[in-house]
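Note sheet for the following structure.
The values are calculated or read from the model by the stated rules, or taken from the named source; none is laboratory data. Only a predicted model underlies this, so the values are computations on that prediction, with no experimental measurement involved. Note that each Cβ is placed from the backbone with ideal geometry, even for glycine, and that neighbours are counted across all protein chains shown. SASA here: full protein model, heavy atoms, side chains in, ligands and nucleic acids out. Shrake-Rupley method; radii C 1.70, N 1.55, O 1.52, S 1.80 Å.
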Amino acid sequence: MTNIVPTLALLILFCSCISPGKKDEYKKANEAEDAVQIHAEEYIPDLSAALNEISGLIIYDGLFWGFNDSGGKDELYGFNRNGEIIREVEIVDADNEDWESITQSEQHIFIGDFGNNGGHRKNLCIYKIKKKNIDNEKEQKVEAKKIEIEYANQEDFGYSHLSTPFDCEAMVEFGDNLYIFSKDWADRTTVSYKIPIKKGKYKLQAVDTFDVHGLITGADINPEKNRLALLGYENYKAFIWLFSDFEGDDFLNGQAQFIQLPNLDNAQTEGICFLGNDSLLVACENSRGIKQQVFLVDLKKISNETHPGE
């Protein structure tokens, strides 16, 4: 009997199923077997000190855009390849309680104020900004509409520091909807949620779940809309989950590739965006001896794209 228990444990570990919202049932992946390693290259090594806690990253209007997370100013910063801030955009009717993610559609920019590592917040929201209201001025102010969100299955709002499943730092826009990917401190999984991009108040209902073996801190979809990247770390070892060959918005059922970024060990990776279809930019905040900066991850270094060994 002593040999049966380890065998059963291994079978449970590597089995897969799709039951969104059930914490004891979720798709698992063998990241060790299929993992590849890519050396992240310096891309913007001298990022302005004003973005020392950069969280979130997009490319828009010839600039890179980000902001500081919890406690930062209610401002969006546009910076160039030299790391110099070219534009400062104050969101006048917003409050940066814990901004964590940024994404964009053709006409709007969305900022996710849904960081919740204590699991007790009741004011989670997403700010929706019209791109046409952002001009070329160095300093400017814009208004935003608020999309309010709450987790449909959250009943306990007691403070649970770094142990809650109701935290989030990753969001993408796809097909006129927003997709949010949770940061589960307890199970190291991610749950995906889907809401419209329209102003309103929405209850987050789980769509799918995937065992990412860590904490998800960023997300983006490439220009061709056929690759989803989830950024994260575990014990401050940075990684990316790359999903491809999915149908429609069924992202987490696509081909999954686990990418390790060994030279970013100890970096606090907080933002990610595609640079074209075959490269990713990863933003790190000033933490653990690594200063704020942006790295490039060349996906062409993966042999045979996302199907190693075939």
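Brief remarks follow.
- Under 5 Å from the amide H of Asp245 lie the amide H atoms of Gln255, each residue being 5 or more positions distant or on a separate chain, with H modelled from the backbone and absent for Pro and chain starts.
- Of the residues Gly271, Gly232, Gly248, the one that moves most in a GNM of the chain with alpha-carbon contacts below 10 Å is Gly248.
- Dividing the alpha-carbon radius of gyration of segment 37-181 by the rule-of-thumb value 2.2 N^0.38 Å gives 1.08.
- For segment 197-240, the gyration tensor built on C-alpha atoms gives an oblate shape. Its axis ratio a/c (a ≥ b ≥ c) is at least 1.5, and a/b is not larger than b/c.
- Distance from segment 137-190 to segment 191-243 (C-alpha centre basis), Å: 10 Å
- Carbon-plus-sulfur accessible fraction, the chain (probe radius 1.4 Å, protein heavy atoms only): 45%.
- Degrees separating the helix 4-14 axis from the principal Cα axis of the chain, which is the longest one: 30 degrees
- Label-to-label distance for Asp46 and Ile59 is 2.1 nm, based on points extended 7 Å past Cα in the beta-carbon direction.
- Net length available on complete extension from Glu234 to Lys122 is 37.6 nm, with 0.36 nm assigned per residue and the Cα-Cα distance removed.
- Segment 225-233 - phi-based ³J(HN,Hα) in whole Hz, Karplus 6.51/-1.76/1.60, Gly and Pro as x: 6, 10, 9, 10, 10, 10, 9, x, 8
- Virtual spin-label span in nm between Asp298 and Asp278, 7 Å along Cα→Cβ: 1.0 nm
- Qualifying GluC sites (Glu not before Pro) for segment 170-241 [loop in DSSP, other Cβ within 10 Å: at most 11]: Glu224
- Normalised per residue, the accessible area of segment 75-177 is 46 Å², obtained with a 1.4 Å probe and no contribution from ligands, DNA or RNA.
- Just checking the listed ones, Ala219, Ala283, Ala186: in the Gaussian network model of the chain with Cα springs under 10 Å, the one fluctuating most is Ala186.
- Between Asn286 and Ser163, the simple label model (points 7 Å from Cα in the Cβ direction) yields a spacing of 3.3 nm.
- Calculated P(r) of segment 111-184 - Cα pairs past 14 Å, %: 66 percent
- Residue with peak Gaussian network fluctuation, the chain [Cα springs, cutoff 10 Å], from Gly62, Gly218, Gly254: Gly62
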